[in-house]
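J.: Take this structure first; my questions come after.
The values are calculated or read from the model by the stated rules, or taken from the named source; none is laboratory data. Because the structure is predicted, anything quoted here is derived from the model rather than measured. A quick note on method: Cβ atoms are made from the backbone with ideal geometry, for glycine too, and the neighbour counts reach across all protein chains shown. The protein model used for the area step is the full one, side chains on, heavy atoms only, and it has no ligands, DNA or RNA in it. Shrake-Rupley method; radii C 1.70, N 1.55, O 1.52, S 1.80 Å.
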Amino acid sequence: MSFELLREEIVDAGLCQGCGLCAGSCKHIEMEVRRPTLKDYCILERDGQACGKCYQNCPQVIQKKFKEKQPLAIYSLRSKDPKVLAKASSGGFVTTFAKELLENESLKEIVMVQEEDEKPTAEIVSDPNEVVQKAGVIYGRSGVLQRLVELTGETFDPIGIVGVPCEMRGAAELEEDMNREILKIGLFCSSQMRTEQTDKGLICSPCCSGCPSGVNAQGYISLIRQGKYQDAVDLIRERNPLPSICGRICTNECEHGCTLIGDDHPVAIRELKKFVTEWEIERSKNTSKTKAKLIKNAKKVAIIGSGPAGLTAAYFLRRMGYAPTIFEKTDQTGGMLRFGVPQFRLPNYVLDYDVGRIVDSGVEVVLNKPLGPEMSIDNLKNDGFEAIFIATGQYKPRTLHLEGENLPDVYVAINFLMDRKYRFWENKEEFKGKTLGIIGGGPVAVDVAQTALRLGAEKIHLVDIMSGEQLELVIKDIPENEIAFMEYHFTTSTSKVTQNDKGELVLNCYHIEWGAPDENGRKPLNELEGSDYEIPVDSIVIAVGQAVDFEQIDAATNKKLEKERNKIKVNEVTFETNIPGVFAGGDIINNSKAVAIAAISHGKEAAISIDRYLKGENLIEGRYKKENAFFIGPKKPPKDYSLKPETLEEATEEINWTFEEIDKIFNEDMALQEARRCLSCNHFCSHCQDFPAIYSDLTAGEVGSKEGYTTVIAWTERGKTLVDQAIEKGLFEQREANEEEIKNAINLKSKRELMNFEKTPRQQVLDYISLQGPSTITDIAQQTGLDPKKVRYEALRLAQLMQLEIKAEPEMDEPLFSILCT
């Protein structure tokens, strides 16, 4: 059982959780980019010396079937220390408890995860104040067991460890092997990411939890790594029916929480999605299409609008057995994806492919049919539609009502883009040699700028009240050779538009600074005195967003639909409006994030609600608001960005003034290379049965407590005694825990099937002898297909371990190995 076996079965399979126990057990192994690698050589592979510790000790190999264990006590606690509550999460129990243990010297040192260079790193902590200073760090892949091995070798003082269930299992094995008493403070599996999935005992990787629609990026990247491309696309489509589109224009928030950040660049998840969906598109050209038949007597649902929210709701409702019909006001499907995203970012064939698959699944589409007085909510209900989902988007141009907005050659962004429609504009030299001014610097403003460059513009000025840092996510996606023609004017506002003596349009600008937020959290814009300046241009485009056009919606609903800040007000969990049976999602609702992947999330959640509504079930029970599907303030730039291989980077940045797609696509070698970088975070957690870390002395987590409190389960007398002492000392507020909720989470995860590893050579030898009786090395090698030298080594090693006995007689050609009877 060499390191090669560990690498093959655990590391390369994406099962390593980066605990570092193997590195702590062997001087030839080190942790590199949060996974083990050989520093020099494996003594078993090079010298044939008996070892195998790295494999035998791995917590992921030492799987144990979950055994029901009765807790000694269950608490719901909240720290009384305001400094802890300001830093720690979910009640601050672990931080307060660890601090107390070090202060009263119950423990001299404790292995905990601390933040180092903005990444979680296992540290040996002895200073109680340090526990608080570095609290609130997410656990996992930190090398805690490597540090624990080091600590047990350095001191005989009382020590402890904080970790997740698999790390607690490894710590328990180490405690027994080393004959040491180690206080084990466990954490509920993935307790730092509480969602409806974790409350059900399901586990989600950081990239999955970062996706508004919950796409299992770790899962489909693992399938790509195995060459299972169709399975990968199918897995994406379980949560997102527009995978090809998102491979081009998704905001790839999944990458922002990648565990590799801090050690390496995050995995290029969007590029991998693009690769695998393009593979499916190419493959589909050689297969015949079949359209699903409509389900007889299925309940009818009306979907208003064929943008990402409407398409998604229709797709999932069709899968649930309903008969959804999409009503689209224009002559084409896709909504703003069709009319508002440039061809060079989202080619038509990509959009058509994803929409085509949804239509082929059995979704009916009616074009040129707007919501309004001629098709009202009452009309739809009278026509037999039992639920309605409104997802009409925002098409009404928004302006700043500036002086000079009505001058010639001043446009609003949505009309500028839709009039040209990118793909069909024939005047390729409309802006040849001209300078364009854009009020706004966000994604739509960039679309305008890139379009103008393709129509001959020589220079683009973008004026925005945001800072460069706030717009970093937008700017980073602009190809280097294109941004060279763009000049951003950050923290700058426009007072009016005028014309100069030359007949040029002029942006009259001034610099601003953001003031302190008011009682509503809004920051005022303060003009910097004496900062006025002018930007002469040939044309101006106002790109400050769109608004909902309620004229037709009000006519269709008799003005009964409740609004908030000029958008439809919905329940942000169920997406139901104030009108029973009417739901809404996408850009049209209040606090919408106004990006495709958020609209997809809205459509998926609305479909779940409509299904429950039509079944007469509770719409909200067991569900949570998907926070990352709503706007909660400007998003901070991630600490790092994914990189493309050099050849693809060159292809992307090559200047090409056409409306063809800018970005190229990974070839297969590039995709596999990138997929192999993925750590498959929490992959093993999806098979492990131990949610509550039963090998700990006590466990802490969120499940079973109200927000702001920590659930604590004591599994041993030592754990219970220490918690009781801390409570008696007045360190915590206490309330009753929801034991039923805890039991449900434990039971759900404990029912999973354990992962079955392929048998090791040693196990194959042992199993063969157990079944066949006394055997020679030659017999075993011939029947198992193992190398004779390997068989000899493993048989002798089993004999050393007192599992086999050897019988050798002078007349025998080979010794016989048999099971040792004890």
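J.: Give all pairs with beta carbons closer than 6 Å in which a residue from segment 161-190 that is in a helix (DSSP H, G or I) meets a residue that is aromatic (F, W, Y); count only pairs at least 6 apart in sequence or on separate chains.
T.: Correct list of pairs: M168/Y695; R169/Y695; A172/Y695.
J.: Could I ask something else about it? Scanning segment 130-159 for residues that are of a type in the set (S, T, N, Q) and within 28 Å of the chain's Cα centre (by Cα), which turns out most open to solvent (accessible area, probe 1.4 Å)?
T.: Step one: list which residues in segment 130-159 are of a type in the set (S, T, N, Q), which gives 133, 142, 146, 152, 155.
Now narrow it down to the ones that are within 28 Å of the chain's Cα centre (by Cα): 133, 142, 146.
Working: Q133: 121, S142: 14, Q146: 37 Å².
Here the residue is Q133.
J.: So, one more: Go through the residues of segment 457-468 one by one and say whether even a single one is among the acidic types (D, E) and either open to solvent by less than 20 Å² (accessible area, probe 1.4 Å) or in contact with a helix residue (DSSP H, G or I) (Cβ under 9 Å, 6 or more places away or on another chain) (or both). Even if it seems obvious, please write down each step before you answer.
T.: First pass over segment 457-468, keeping only residues among the acidic types (D, E): 458, 464.
Add one more test, that the residue is either open to solvent by less than 20 Å² (accessible area, probe 1.4 Å) or in contact with a helix residue (DSSP H, G or I) (Cβ under 9 Å, 6 or more places away or on another chain) (or both), and what stays is 464.
Taking every residue of segment 457-468 in turn, at least one turns out to be among the acidic types (D, E) and either open to solvent by less than 20 Å² (accessible area, probe 1.4 Å) or in contact with a helix residue (DSSP H, G or I) (Cβ under 9 Å, 6 or more places away or on another chain) (or both).
J.: If we scan segment 225-234, do we find a residue that is open to solvent by less than 10 Å² (accessible area, probe 1.4 Å) and under 25 Å from M336 (Cα atoms)?
T.: Looking through segment 225-234, at least one residue is open to solvent by less than 10 Å² (accessible area, probe 1.4 Å) and under 25 Å from M336 (Cα atoms).
J.: Here is a list: L351, L337. Which entry is crowded, with 20+ Cβ neighbours inside 10 Å, within 24 Å of I224 (Cα to Cα) and in contact (Cβ under 8 Å) with a residue 12 or more places away in the chain?
T.: Just one listed residue meets the conditions, L351.
J.: Here is a follow-up. Could you figure out which of (1) within 22 Å of K329 (Cβ to Cβ); (2) at pLDDT 95 or above; (3) open to solvent by 30 Å² or more (accessible area, probe 1.4 Å) isn't true of E403?
T.: So E403 meets the others, but not (1).
J.: Looking only at segment 280-333, which residues are farther than 19 Å from Y395 by Cβ, hydroxyl-bearing (S, T, Y) and part of a loop (DSSP other than H, G, I, E, B)?
T.: Across segment 280-333, the qualifying residues are T287, S288, T290, Y322.
J.: How many residues are of a type in the set (A, V, I, L, M) and open to solvent by 30 Å² or more (accessible area, probe 1.4 Å) when one looks only at segment 546-580? Give the derivation first.
T.: We begin by selecting, within segment 546-580, every residue of a type in the set (A, V, I, L, M); these are 547-548, 553, 555-556, 561, 568, 570, 573, 579.
Narrowing further to those that are open to solvent by 30 Å² or more (accessible area, probe 1.4 Å): 555.
Of the residues in that region, 1 qualify.
J.: A further question on this structure: Of the residues that sit in segment 794-814 and are over 16 Å from D779 (Cα atoms) and of a type in the set (D, E, K, R), which one is surrounded by the fewest Cβ atoms within 10 Å (Cβ to Cβ)?
T.: Once the filter is applied, the top-ranked residue is E811.
J.: List the residue pairs whose Cβ atoms are under 8 Å apart, where the first residue sits in segment 566-583 and is more than 12 Å from H602 (Cβ to Cβ), the second is of a type in the set (D, E, K, R) and assigned to a strand (DSSP E or B), and the two are 6 or more positions apart or on different chains.
T.: Pairs found: K569/K563; G581/E386; V582/E576.
J.: Then there's this: So which residues in segment 1-29 are at pLDDT 80 or above and touching a Leu at 6+ places or on another chain (Cβ under 8 Å), if there are any at all?
T.: F3, C16, G18, C19, G20, L21, C22, G24, H28, I29
J.: Filter segment 70-129 down to residues that are in a loop (DSSP other than H, G, I, E, B) and aliphatic (A, V, I, L, M) and give me whichever is nearest to the chain's Cα centre (by Cα).
T.: Taking segment 70-129 and keeping what is in a loop (DSSP other than H, G, I, E, B), we get 70-72, 80-81, 88-92, 104-108, 117-118, 126-127.
From the residues that got through so far, the ones that are aliphatic (A, V, I, L, M) too are 72, 88, 107.
On the way: L72: 36, A88: 22, L107: 37 Å.
Filtering first and then ranking leaves A88.
J.: Continuing with this model, one more query. Which pairs do you get when a residue that is farther than 15 Å from K293 by Cα and without any contact (Cβ under 8 Å) to a residue 60 or more places away in the chain, found in segment 313-327, comes within reach of a residue that is among the basic types (K, R) and open to solvent by 20 Å² or more (accessible area, probe 1.4 Å), reach meaning Cβ atoms under 7 angstrom, with the pair 6+ apart or on two chains?
T.: If the second residue must be among the basic types (K, R) and open to solvent by 20 Å² or more (accessible area, probe 1.4 Å), the pairs left are F327/K369.
J.: Suppose we filter G227, G186, G201 for residues that are small (G, A, S), within 26 Å of S89 (Cβ to Cβ), at pLDDT 90 or above and more than 15 Å from the chain's Cα centre (by Cα); which single one remains?
T.: Values: G227 fails: within 26 Å of S89 (Cβ to Cβ); G201 fails: at pLDDT 90 or above.
Sole residue among the options that is small (G, A, S), within 26 Å of S89 (Cβ to Cβ), at pLDDT 90 or above and more than 15 Å from the chain's Cα centre (by Cα): G186.
J.: Using beta carbons and a limit of 7 Å, which pairs, at least six apart or on different chains, have the first residue in segment 1-30 and without any contact (Cβ under 8 Å) to a residue 12 or more places away in the chain and the second one small (G, A, S)?
T.: E30/A23
J.: With respect to the numbered conditions (1) at pLDDT 90 or above; (2) not in a helix (DSSP H, G or I), which one is the sole condition not fulfilled by C58?
T.: Result: C58 passes all but (1).
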